[in-house]
Structures are given as C-alpha cells and as structure tokens.
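Student: Can you read through this structure? Questions will come right after.
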Amino acid sequence: MAPPRITTNGLNLPLPTRLINISRLRSYLLRLPLFTRLILLAIVAFWVLDLQTVWSVIQWGSLTPKEVGFGSMYRLNTFPLIHMGFWHMLLDTACLIPLLERFEAEWGTLNSLALFMGPLGQIPAALYLLVDGVILRDNTPVLGASIWVFLLLASEAIKTYKVHPFIEIAGYNIPTWISPLALLVVTSVLIPNTSFLGHLCGCVTGYLWGLGYIRFLAPPEKVLRWIEGKFNLLGRLPHYVSVDQQTYGRYGVLPSSSTTSPGEHASPIGLGWVGGGILSIRRTAASKRALTWASGNSISRLRKDDPRLLRIPPYLSALCILGGIIWILLLPLNEYSRQTYISENALLPGQVHTYFGGSEQNVFRAYRHELATVSGSTLSPGGNETSSIEEERAWADKRNAKIQELFRNAGLKTARQRYSYTSSGQTFEGENVYAVLHAPRGDGTEAIVLLAPLKNIDDALNVNGVPLLISLARYFKRWSLWSKDIIFLVTPDSFAGPQAWIDAYHSTHDPRAVEDLSLKSGALQAAVCIDYPFEHRFETLHIAYDGVNGALPNLDLFNTAVTIASGQMGIGTSIQFQHTYTDRDSQSAYPSRLQILVRGMASQALGQATGPHSSFMTYHIDAITLTAIGQGWQDEMAFGRTVESICRSLNNLLEKLHQSFFFYLLMQSNRFVSIGTYLPSAMIIAAAYTFMAIYLWVLSGYRLKEKTAVTVDGTAEQEAKEKDRAADKQTPTSIEQVPKVEFISIDRNLILPIALLAGIHLASLIPLYLLTSLTLKVMPSTFFLLALFSIVLPIVLASALPEMPNNTTLPAFAAPTNEQYVLIKSLSLLLLGLFLTVLATLNFSLSMFLGIACVPLAFVDRMPGKKRLAVLQYLLLLIFSPMGLAAGLGVYEYFVSGQNHVLVAWLQRLAFGWNVWSSWGVPVGVLCIWLPAWIVGATLVASSWFSGVNNTTSQSPAAAQGRRGVVKHSI
C-alpha cells in the first residue's frame, strides 16, 4: 500500500516544521494570575469602547488637571486603563503584563488589587496633578498604562540594585537603579506624544515603593487573610494568588488532606473543583516516572507538531481580509482623517484682490452672443441635430475661426491643431484652438493652462465656459504681473481633444492621427478647466480631480481651489457629485463621508477620465476641473474671479507643486486621508493571499509515513498494588493521542503547475486584445462568447487534467497528483498576492476592490467525493467572477436607469480609454489578474467532479486519522 499523501483537506495534521511556538505563548497566557487578567481585560474593553463615536472615552477618563474634582476622582484610577489607539494599547499591554504578573505572584491577587486601585495608582496621579496643574499651571491630559510600567520597572531596579549595585561599561561603574530613568529619556526622545512628566511620576513612586518608604500604605496582612478565609477566595476564584505564599503556594493551591502510605507522596499539582472538592492525584513512583516521561514527550511533540497549527493560516487569512475591510470603514471617522491644509507657502491662496468684473461682464455677454451665431448645432440651443457631417465640419470651421479671431483681437498668438482617433471602429475627430499669453516678467520656461471644452464630460454644451475663457484671456492680457506663460485652450470635447493636445505638446503623439503644435511654451505647471454648462446663475462649484489610471493632482492645488472658492469668494464646493445624494448639513456625517469615500475609490479604480483635466495627469501635470452646478446667486463674474485668484496663486510658485500629498483619499472638500493611513488596508488584504499560498506550499512538500503504534497506560505494570490501581482510577488511564504519523520531505514537481499557470495568464491576453480592437458592431457577441468560454473552460480543464497519459518521455506532464493540485493553488494565490501588492502602490482603489472580489478564491478547494459541495462552491465562484460582475452591472442599470446597452457603452469606454488615454487599470486588473486567478480556482473546484488514476493512490490525512482513532503508546 502506497503511503498516504497530503491534500489541502488535511487541516488537522501536525505541522512538519516549527513556524511559531504557539504552545508556549498559549501556556503563558493561560497561567496569568487573576488580577493581571482583569487589568488586561479592562484595557482591551476600554479600547473597544473607544471605537464608537457617540461618547469619547478618552475625554471621560483621561487625567486632565483642570477636569479633576470631587465628582471626577474616578480619573485617578481610569487613566492607566485608557489608550489613544490600538498600537498605544498593544505596546503598553505587552510591557505591563510580564511586570504586573510578577508583582502579583509576589504580593498576591488581593494585595495587588488594593495597591493598584489605591496608593500605587493614585500617588503617581497626585504627583502629576501637583507638578503639572499647580506648579507648572498647565493642563496637559495623560493616559495609558505606561505609568505603571515605569513604576514597576523602578521597583524592580531597586531590587536589582540591592543584589548587583553596578554595571561596568567601558571601565565605568553605572548604578543599576538608573536603568528606568535611561529608558524614560530614550522613550521621550524616540516616541512622539509621550509624557515625560507622567512617566517620571511613575518612576518616583516605584522608587519609593522599592525603598520601602510607602509600604506602610499596603493593607494589613491579617485583614487580607481574614477576607480570604471568610469568602473562601481560594476555592471560588480561579487563578487566584494567595496572600500567604509560604502556606498556599503561588496560585493558592492547598495541600492534600488525605493520608499517604509508605512509598507514596501527595503532589499539589492543581486545584480541581468537582462538586466543591479538592482533587488530589496520587501515583506510585514507577507510575509517576512513566507519566512524567510520556507527558514530557507529548509536550515536546506538541510544541513541534501541534496539529492545531495547521488550522491557523486560513483563519489568519480571513482575519486579514476582515481587518482590511474594517480599516477602510474606519477612515471616515475624525480620529483617522485630517483637515486639509496648504503645504506650499508660496501659493498664498486668497491673499490678492481680484478685479474681474464690472465692464468685463458686458464683454463676456458679447463673446457669448458672437459664438452663438457661428456655433450651429454645437452651442446653439436651437440647432438642428440631424445636420450632416459636412455641415457639422463647416460649422466647426466657422466656430474655430471666430474663436481664433477673438484671441487675436485680444493680442494673443493663436494656432489650431487637428486630430483623428479611431477606437472600436468609430472615429473621433476635431480641431483644437489655443492661444499663448507670453509672460511679461517670465522667460517662457513655465506655463499654466486654462482649458474650456465645447462639450463637457457629460456631453453637455459648455455654454458659458468658452466665452468666460476668452474673456479671461482678454482680461489677463492687460496685466503685467504674470511670471509664467498662460495657454488658453478650447477643445471640441472633453475626451479626445485634451489628450491630442497634451500628447502633441510633449511630442509623444502619432503624427498620422494628431498634428504637431506650431506654438509651444515652457514646462506646464498646472491646468485649470472651466465647465459652465448653462446660462443662469449657479450655486456651488464641483471640483473634479481624478485622473487617468487613478492619478491624482497635488493636494495643494485642490486645497487652493477650495480655499479661494469657499473662503475668498463665498462659493460652496463639492466633490464626487455629492450634491446629488447628500444635504449640505449632513456632509460631515459618517454615512455621507463613507459614500463619498467609496465613490472616490470607485472612480480611481476605473481609471477613466472624469473631465478634460484627466489627460494632463499622465504627464504629471496637476490639473482640476471646476464645474458650476445648481441654481443660486453666483454669476459668471464670481466664477471668473475664482479662476483669476487660482492663477494668481499658481503664478507665485517658484517650482512645481511637491510639498503636499500626491496619494490621498478625500471624503469632504476639507477632509482627507493620506497614503500612510489607508495603504495598509490593501496591503493586509494582499498579504492574506500570500499567507494562504505559503500554507499550501508547506502542505505540498511533505508526505505522511506510518509509525509503529505503542501503548502506555495505567496497566503497564501488572505487579502494582491494588491500592495504586484504585488511586489511578481518579485520573484518565491513557495519555492523550500522540500523532501516529511523521512527515517525510518530498520533491515538488513544479513543471506542470507552472506550465498551467503560465498558459492561463498568457491566454488572458486574448480577450484583452479582442475587446480593445474589435468594432462596436461585433463587440456584444464577442463579449458574450468570451464570457461563456470563461465559464466552461475550468470544467474542460478539470476533466482533461486527470486524463493526461503517463508519458515516459515527459513524466512531468502526466496526470497531476494531489500535491500538484495544491501547488497550482499555492502558486496562483502567490501571484495574486504579488500582483495586488504591486498594484496597491499604483492604483490603491483598484487593488482594494480586486482583493475583496477575489476573497472566495482563497477558501474554496477541491472536494473529492463531495460533488454537491463542489457545485455550491462553483456557483459561489460564478457570482464573484468578472462575468458575474458584468451581469450584475447590466441588471442594475436596466432596473435603475432603464438602459439596455449599458455593457456595450462600458466596453466602448474601456476600449477608448485603452486606445486613446492609455488607461490600463481595469483591463489589466480584471482580464490579466482577476480572470486567470478565477479560472485556476474554478478549475480546482471542478476537478472534484472528476477522478484520475494518480489521485486514487493518495490518502486524505483527515480520513487516515479518522480510521486510526485513538492511538495508545507504551515504553
């Protein structure tokens, strides 16, 4: 019979190598005395309670000098139990528990409770209140258990000093009692926001206790003994440490009251309560030696090959995924986000007077009227929408000529640029018109772009935007304060026109599709796009900031626009179209912030253009789009003054914006989260797949080998006396099961798993090419066939793999074994974790969404012999698949907006983004990362329906142990 092999279902087998000594950690936690456990529980409970936002635990329980009164004396005891956050709580707890456990073991549970809730807890607090509140007249709040840590360290330092007074370092004798003070100085220097005075008060109290000056404050020992005896604390409280260590031992274990015969002894090994009695275990010397040897062998084996260790990685992976999601959900809270601020002092937003107005409004209206006469069906509200392409081109030539004439009349140099893009069989052509204002005080090495498309991102006519841009060009020409050139750009749309112009400006365009620019200036510092799609007054300004592939402008540019609009001009601002689903009064509420955060992440994950500014992001040019929304009392002159003030601030820059953040998440126009706060969530989710990959890799490299069974029990010595047998009946007659198997290292056959994964990932380039190259007419049928093929392909692969012949020439390509199936999943999850980690640094939101969508792939597995369960797993994978996502999107749009061709529109937009914007995020992320990983996972699940020759020789470890039952060992 072939030796059994490991499969992924064997989650209850011992681990072949020691990854972590869980048994020691568990043993240490289980032997913590009672008071230490209560303090640990209280600290964790207060931290969990502080997660809610209704009531501030920190403000309630911190030690604030001016808040301490007769009604708030509880603060003297609560401040060491409350912490600022998780890491503060974890660090203090890790330092406190060993010291507190040692103190309780020496002084007893009841004494420790009285001391730390009394003098050792209140004396440091009183010293701090005296120095900080009375002498220094300050009001700095303190909290955290570190004050107890320094107290206990100082007390232990005095003990050490009495035994070893000095430490010799480089010939100098350093007193050992100053070690807490040295640690105090180092902590204050290296860790921010630590209270030097608070820690010093703890050290002073610890020194006083260690020297014996305040030990008279400890409760009398007679009283404590009386309380212990009166309430029978030894018998009622587990893990209780008695006051009298000499009589009762460390954990208050009473000696046995039964008599012992010659050759026997009583061993107080524990306090076991069965009906209120004390269990005393007696053994003969021979039986005790056998028990000791077997127990020691079992403990040693448990440390190395504890079968429970194999159950940790899946739970650890699930915990990482859950932690990453909770991390994101916590970001809208005030504790995890920050108020926006200006980092670049040279910007000086809102510090200049703006003069755009007055007679300029008449000029604006005249420009709007002149453009309306030559715009035809483009800008004229009453235009004929059925005009032919020739008529449209004729009207476009007249319009562009008029715009160019208006720029020339303002004294600017002008030029045109034609372009023609092809995507999905459709042609996107037009002509850009632009003018350059050369800075009177500049050298032409830097420039700012002001852009106004004829149609915005929603294909609405920019009725007031283009006239406002030309009015600003005429107005700016009269000022001699500009140190940077200003380029005024008018594009026929918000999709192709800006991309053609910016590509040609940097000479990265295709000359066959895009013309060269005859006029150029210096390096582009920033771009501001104007979108005013109606003629009436507006209420607020919507600021679009998302770029192609999730790129973001420097946060200083966004903050400058918000500060000028809301502060200087009194115009409200909004982001992510929050005016359509939130009220102004509820924008600071958690649901509103969370919705804006999710919408911003969704926009970043898609990587599509959200305005004409998005094309500039590819070239690391900070750009935003200002859109007038609503109906209020703000007019076009207020819009113009806002743009003027932004340009004045950008004109002050001596270098490109670099002081503030380039990676951030916004949840309000004045609240953000930086990359250091949100990035760990995506990294933790990516690490979950890496943990599972390593776990499966370990399983795939070992094989089980049977061992000879031996037994050890209470009947091993038949010549034992009858009274020994009677005594042995009080205990189990056999030692707990010791694994009957051992792990034998085997070679991993990686050729077939690597070849399969490489083939699937290379094949993912086929749908990427087809969906970005085919015409719009055949795109729906192609997408349907690709989706159907992706659903059927895992079943075909699962049925074909076991039927592979045993090839003697290429034995590596024979039917896969169970170990190879495990290797396939391990390598697939390893690649998935690697891709998500790299993607998180490029497009955090896309990595986050893909990590959540791929969660089932980490936990589904082969289920040989359980076809119904395999069918359920396959259906779950279909729901969480690219095809399921596309179907859900189509159904949602059909019932919500009534659109039947939403999938076709999305495919067309993704193809346009791939061909024109170079938007690679969603196509590569979905088709080249998610889809291959899904096909591999679905293939493994579908392989449960088929069986091969090589798979029948392997034995499930779980089944093997189930047939063996309880194993007895003897010596």
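Student: Across the stretch 41-68, which residue is modelled with the highest pLDDT among those that are over 30 Å from residue 30 (Cβ atoms) and of a type in the set (Phe, Trp, Tyr)?
Tutor: Checking each candidate, the answer is 60.
Student: Now, a different point. All but one of (1) farther than 16 Å from residue 625 by Cα; (2) more than 40 Å from the chain's Cα centre (by Cα) hold for residue 500; state the number of the condition that does not hold.
Tutor: (2)
Student: Only one residue in 166, 116, 196 is assigned by TED's automatic domain parsing to the domain that holds residue 41 and crowded, with 19+ Cβ neighbours inside 10 Å, so which one is that?
Tutor: 116
Student: While we're on this one: Filter the stretch 375-391 down to the residues that are at pLDDT 65 or above and either outside the structural domain of residue 471 (by TED's automatic domain parsing) or under 12 Å from residue 454 (Cβ atoms) (or both) and list them by number.
Tutor: 375
Student: Taking the stretch 657-675 as the search range and keeping residues that are more than 21 Å from residue 626 (Cα to Cα) and not polar (S, T, N, Q), which one is surrounded by the most Cβ atoms within 10 Å (Cβ to Cβ)?
Tutor: That would be 673.
Student: Residue 919 - would you say it is surrounded by 23 or more Cβ atoms within 10 Å (Cβ to Cβ) and outside any helix (DSSP H, G or I)?
Tutor: For residue 919, the condition - surrounded by 23 or more Cβ atoms within 10 Å (Cβ to Cβ) and outside any helix (DSSP H, G or I) - is met.
Student: While we're on this one: Just checking, which of 183, 211, 151 is under 30 Å from residue 69 (Cβ atoms) and either of a type outside the set (Ser, Thr, Tyr) or surrounded by 22 or more Cβ atoms within 10 Å (Cβ to Cβ) (or both)?
Tutor: 151
Student: Where in the stretch 471-545 are the strands (runs of 3 or more DSSP E), entirely inside, with at least 3 residues that are free of Cβ contacts under 8 Å to residues at least 60 places away in the same chain and not hydroxyl-bearing (Ser, Thr, Tyr)?
Tutor: Those strands (runs of 3 or more DSSP E) span 485-491.
Student: What tally of residues in the stretch 34-56 results from selecting those that are among the β-branched types (Val, Ile, Thr), surrounded by fewer than 20 Cβ atoms within 10 Å (Cβ to Cβ) and under 29 Å from residue 101 (Cα atoms)?
Tutor: The number of residues fulfilling the criteria is 2.
Student: Inside the stretch 222-237, can you point out the residues that are in contact with a Gly (Cβ under 9 Å, 6 or more places away or on another chain) and closer than 30 Å to residue 154 by Cα?
Tutor: If the condition is that a residue be in contact with a Gly (Cβ under 9 Å, 6 or more places away or on another chain) and closer than 30 Å to residue 154 by Cα, then 224, 228 are the ones that fit.
Student: Just to verify a result, which residue in the stretch 474-508, among those that are of a type in the set (S, T, N, Q) and out of contact with any strand residue (DSSP E or B) (no Cβ under 6 Å at 6 or more places or on another chain), is surrounded by the fewest Cβ atoms within 10 Å (Cβ to Cβ)?
Tutor: Step by step, filter the stretch 474-508, then rank; the result is 480.
Student: If you don't mind, another one. Would you pick out the residues in the stretch 658-676 that are over 22 Å from the mean Cα position of the chain (by Cα) and farther than 20 Å from residue 541 by Cβ?
Tutor: 658, 659, listed by residue number.
Student: On to the next question. Are any residues in the stretch 416-436 within 23 Å of residue 363 (Cβ to Cβ) and out of contact with any helix residue (DSSP H, G or I) (no Cβ under 6 Å at 6 or more places or on another chain), and if so, which ones?
Tutor: The answer is 434, 436.
Student: Could you tell me whether the stretch 429-448 includes any residue that is within 28 Å of residue 506 (Cα to Cα), part of a helix (DSSP H, G or I) and among the basic types (Lys, Arg)?
Tutor: Taking every residue of the stretch 429-448 in turn, none turns out to be within 28 Å of residue 506 (Cα to Cα), part of a helix (DSSP H, G or I) and among the basic types (Lys, Arg).
Student: Taking residue 416, is it in contact with a Phe, Trp or Tyr (Cβ under 9 Å, 6 or more places away or on another chain), in a strand (DSSP E or B) and surrounded by fewer than 20 Cβ atoms within 10 Å (Cβ to Cβ)?
Tutor: Yes.
Student: When you scan the stretch 2-22, do you find a residue that is in a helix (DSSP H, G or I), at pLDDT below 90 and over 30 Å from residue 336 (Cβ atoms), even just one?
Tutor: yes
Student: Name the helices (runs of 4 or more DSSP H) wholly inside the stretch 66-177 in which the number of residues that are without any contact (Cβ under 8 Å) to a residue 40 or more places away in the chain and within 30 Å of residue 680 (Cα to Cα) is 3 or more.
Tutor: Where helices (runs of 4 or more DSSP H) fall fully within the stretch 66-177 and carry at least 3 residues being without any contact (Cβ under 8 Å) to a residue 40 or more places away in the chain and within 30 Å of residue 680 (Cα to Cα), they are 86-107.
The values are calculated or read from the model by the stated rules, or taken from the named source; none is laboratory data. All values reported here derive from a predicted model rather than from experimental measurement. Quick reminder, even Gly has a Cβ in these numbers, built from the backbone with ideal geometry, and neighbours come from all protein chains shown.
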